[in-house]
1. Looking at region 21-37, is at least one residue modelled with pLDDT of 85 or more, of a type outside the set (Val, Ile, Thr) and outside any strand (DSSP E or B)?
2. Within region 210-218, identify whether any single residue is basic (Lys, Arg) and without any contact (Cβ under 8 Å) to a residue 12 or more places away in the chain, and answer yes or no.
3. Could you please tell me which pairs satisfy a Cβ distance under 6 Å, a separation of 6+ or placement on different chains, a first residue in region 101-113 that is open to solvent by 100 Å² or more (accessible area, probe 1.4 Å), and a second residue that is of a type outside the set (A, V, I, L, M)?
4. Looking at this structure, is Phe59 outside any strand (DSSP E or B) and open to solvent by 60 Å² or more (accessible area, probe 1.4 Å)?
5. Restricted to region 348-369, and to residues that are in a helix (DSSP H, G or I) and aliphatic (A, V, I, L, M), which residue is farthest from Cys275 (Cα to Cα)?
6. Of the conditions (1) out of contact with any strand residue (DSSP E or B) (no Cβ under 7 Å at 6 or more places or on another chain); (2) in contact (Cβ under 8 Å) with a residue 40 or more places away in the chain; (3) loosely packed, with under 10 Cβ neighbours inside 10 Å; (4) not acidic (Asp, Glu), Lys43 satisfies every one except a single condition; which number is it?
7. Just give me the residues in region 396-409 being surrounded by fewer than 17 Cβ atoms within 10 Å (Cβ to Cβ) and touching a strand residue (DSSP E or B) at 6+ places or on another chain (Cβ under 9 Å), in sequence order.
8. Pull up region 364-381, narrow it to residues that are β-branched (Val, Ile, Thr) and in contact with a helix residue (DSSP H, G or I) (Cβ under 8 Å, 6 or more places away or on another chain), then point me to the one that is most open to solvent (accessible area, probe 1.4 Å).
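The values are calculated or read from the model by the stated rules, or taken from the named source; none is laboratory data. The structure presented is a predicted model; accordingly, all values stated were derived computationally and were not measured. Here Cβ is always computed from backbone atoms with ideal geometry, including for glycine, and neighbour counts include all displayed protein chains. Areas reflect the complete protein model, heavy atoms only, side chains present, ligands, DNA and RNA absent. Shrake-Rupley method; radii C 1.70, N 1.55, O 1.52, S 1.80 Å.
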Amino acid sequence: IYADPAKRLELYFRPKDPYCHPVCANRFPTSTMLLRVRRRSKKKQQLDPEEQIQPEVEFEMEILGIVTTVYKFQGMSDFQYLAMHSGPDGKQTSMYDKVLMLKPEKEEFFNRDLPLYIPPPIFSRLDTPVDYFYRPDIQHRSGYNNPQVSGENLIGLSRARRPHNAIFVNFDDEEIPTKPLDAAVQNWKKVCTNPVDKKVEEELRKLFEVRPVWSRNAVKANISVHPDKLKVLLPYLAYYMLTGPWRSLWVRFGYDPRKHPEAKIYQVLDFRIRCGMKYGYAATDMPVKAKRSTYNYSLPITVKKQGSHTVSVHDLKQGLGSAGTSGAKKPPSSRYKLKESVYIFREGALPPYRQMFYQLCDLNVESLQKIIHRNDGTESECTERDGWCLAKTSDDLRDSMSLMIKQIIRSTRPALFSNTTSSEDGKEQLAYESGEDEDDEEEEEEDFKPSDGSENEMETEILDYV
């Protein structure tokens, strides 16, 4: 529990009872000292038997260390549900010996007739009292009628998303937008209030002039801009492709990659690091560790949750893209920049995540570029699956990249491959493992991850702009 700051310390009043519901303690930082105090008493010599002499008391104090973390039990104890059965006469009978299997049992143990015992599926999610402030009934004027119920004024499961006015385009759409929505223009003008924002806008315009199609990660690696401002700036300069070979990418207004064969170098490649026992290593042996795990689960009865910092329009106007705290690790010019590895693939380097969305022009390996440019000058049709490339180009790229990654892991961890043999052509069919992963522990942690909320990065980006 101490190793994970997000977990709570559990106290079981009956540790041997599997039906015992714990009370939880919250973690707090502190600056206190742990002391060892000894009390020594010395008896004085008594000359007069009738005289009462108090013994001499001495205290010895020693500082053992500094306490930096404490756990405080601040919540209330929940109901305890015992495995008991109430008889007709009101007598309580324990059922622990009947429902708990403490040792291997024979078939008769499972065929016994027992009273119905159903423990509660869930206990209270909160262990602190909460005040409910109910709103009083609204007194309308005479003649007022309630509006017709529609989907717009129904209470949903979550708050309505704040629109960023991005334009979404499918591969089958005939027309592409040539300018942003008026609401996107107004949103950017509202937050673009300082010279740094103007500079960021010009830098992004130059990027789209050099390359008409960009991924959001590639933009973050080339421009230092606060992510919340980037959400407003991108819909102002580009539209978002939902399907096809340029899905999850931002395209400059007025540019249609389906009409330009040279746009094939901007197509997206959904690459996922393959792992499996027949590949030589399992998921647990991966140098690129998983970001999420089903084994790292904390109880939902959290009293104190660490919420993310909310950014208001006022904060954006103050120039979050430039100004910052004096104790920032990075200079303002590169505080929000990501590493190049989040969008560029190089031979000899592992990707930072197990699922990556690469643009073909960002595969900086000569052998991969030869696969991409096999049909240069003979492109005849742009298909939704392969774009301007030859059929199964993506499969060939994935196979080649997987072999490169296998060689890297083989060189760093040769023990994993001591009992494995590779095929002659070197193209094994491997099991896929998808998911968004975090940077290697040895690398410096980035302030902003390419994705923060979903296991599928494309889905996350769509939800940011809906």
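1. So the first thing to find is which residues in region 21-37 are modelled with pLDDT of 85 or more, and the list is 21-37.
If we keep only those that are of a type outside the set (Val, Ile, Thr) as well, we get 21-22, 24-29, 31, 33-36.
Filter once more, so that each one left must be outside any strand (DSSP E or B): 21-22.
Yes, because at least one residue in region 21-37 is modelled with pLDDT of 85 or more, of a type outside the set (Val, Ile, Thr) and outside any strand (DSSP E or B).
2. Looking only at region 210-218, we keep the residues that are basic (Lys, Arg), and these are 211, 216.
Still in the running and without any contact (Cβ under 8 Å) to a residue 12 or more places away in the chain: none.
Among the residues of region 210-218, not one is basic (Lys, Arg) and without any contact (Cβ under 8 Å) to a residue 12 or more places away in the chain, which makes the answer no.
3. none
4. Details: outside any strand (DSSP E or B): no; open to solvent by 60 Å² or more (accessible area, probe 1.4 Å): yes.
It is false that Phe59 is outside any strand (DSSP E or B) and open to solvent by 60 Å² or more (accessible area, probe 1.4 Å).
5. Going residue by residue through region 348-369, those that are in a helix (DSSP H, G or I) are 360-362, 366-369.
Now narrow it down to the ones that are aliphatic (A, V, I, L, M): 360, 368.
Values: Leu360: 23, Leu368: 21 Å.
Residue satisfying both the conditions and the ranking: Leu360.
6. (2)
7. None - no residue of region 396-409 is surrounded by fewer than 17 Cβ atoms within 10 Å (Cβ to Cβ) and touching a strand residue (DSSP E or B) at 6+ places or on another chain (Cβ under 9 Å), so the list stays empty.
8. First, the residues of region 364-381 that are β-branched (Val, Ile, Thr): 365, 371-372, 378.
Filter again for in contact with a helix residue (DSSP H, G or I) (Cβ under 8 Å, 6 or more places away or on another chain), leaving 365, 371-372.
Numbers: Val365: 8, Ile371: 29, Ile372: 2 Å².
Per the stated criteria, the residue is Ile371.
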